[in-house]
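What follows is one structure encoded as structure tokens, with my remarks underneath.
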Amino acid sequence: MRRLLTLCLLLLLSLLLAACASGGGARGVPRAGSGAAALPPPDANNMEEAFREASDYRIGGNDLISISVFGVDALSKDVRVNAKGQISLPLIGTVNAGGLTTAELEALLKTRYSENYLQNPQVSVFVKEFASQRVTMEGALNKPGVLPISGKITLLQAIALAGGIDEKIADPRGIVIMRQVNGRRMAAAYDLRMLRNGSIEDPQLYGDDIVVVEESGSKTVLRKFLDAMPIIGLFRWL
């Protein structure tokens with residue numbers, strides 16, 4: 001009786017593994033390198049230019065911004081926004097920049113400088129580092145969570161910062177980037193092995209991207225099955 005039950009359980013396990021293994025990778029998601037177009041940047045053809053010019057980007061804490069006053073080099077400088085959203089500038093002192101767009105900050109600085117110091121100053125503001133941007137790392141990673149990004153970051157770099165994939169359960173073929181593009185949610189799947197050997201380009205990530213490392217079905221089922229062995233006592237039957 002025990003031998004028959006053991007054989008039945010092993011047969012069930014083999015069927016589960018075969019079913020899960022046949023569905024490896026991210027189902028229904030265009031795969032990079034398969035002829036499908038690469039996942040475009042979010043809501044723009046060039047994200048750097050979008051961040052520089054977008055009227056709806058709000059300056060946040062730890063962003064690095066470059067301020068230029070035409071014809072007055074002494075007032076042109078790079079400043080880091082502090083945790084309270086403030087910056088400190090020559091002549092006018094502390095300015096609340098947090099929550100403002102670059103255009104709004106330019107207008108504010110023009111007003112402040114023209115009050116007592118300059119006549120019709122030409123002020124430009126450029127965000128050099130978007131430290132307040134975030135990328136969500138989720139799934140079969142050693143350290144999933146939300147990563148703050150400063151400047152450019154690629155998928156491989158983000159995975160490394162998240163502690164790498166969990167080799168026990170991660171499906172290296174199922175690395176999915178989800179992104180909002182032109183008001184629509186889009187996604188593309190990447191094969192980690194192809195990224196590592198350079199056969200496909202390591203894609204750049206942008207603020208608000210979501211990266212999901214899928215679990216390998218066969219590995220997950222096997223792991224859960226083996227974890228349950230002491231409970232059902234299968235090892236004692238063999």
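In the set 128, 110, only one residue is free of Cβ contacts under 8 Å to residues at least 40 places away in the same chain, touching a strand residue (DSSP E or B) at 6+ places or on another chain (Cβ under 6 Å) and open to solvent by 60 Å² or more (accessible area, probe 1.4 Å); that residue is 110. When segment 67-98 is filtered for residues that are within 15 Å of residue 117 (Cβ to Cβ), assigned to a strand (DSSP E or B) and either in contact with a Gly (Cβ under 6 Å, 6 or more places away or on another chain) or of a type in the set (A, V, I, L, M) (or both), the ones remaining, listed by number, are 67, 69, 89, 95. In segment 197-218 there is no residue that is open to solvent by 10 Å² or more (accessible area, probe 1.4 Å), at pLDDT 90 or above, over 30 Å from residue 57 (Cα atoms) and in contact with a Pro (Cβ under 7 Å, 6 or more places away or on another chain).
The values are calculated or read from the model by the stated rules, or taken from the named source; none is laboratory data. Please read all numbers here as calculations on a predicted model, not as lab measurements. Every residue, glycine among them, receives a Cβ derived from its backbone with ideal geometry; neighbour counts consider all protein chains shown. We work out accessible area using only protein heavy atoms, side chains counted, and drop any ligands, DNA or RNA first. Shrake-Rupley method; radii C 1.70, N 1.55, O 1.52, S 1.80 Å.
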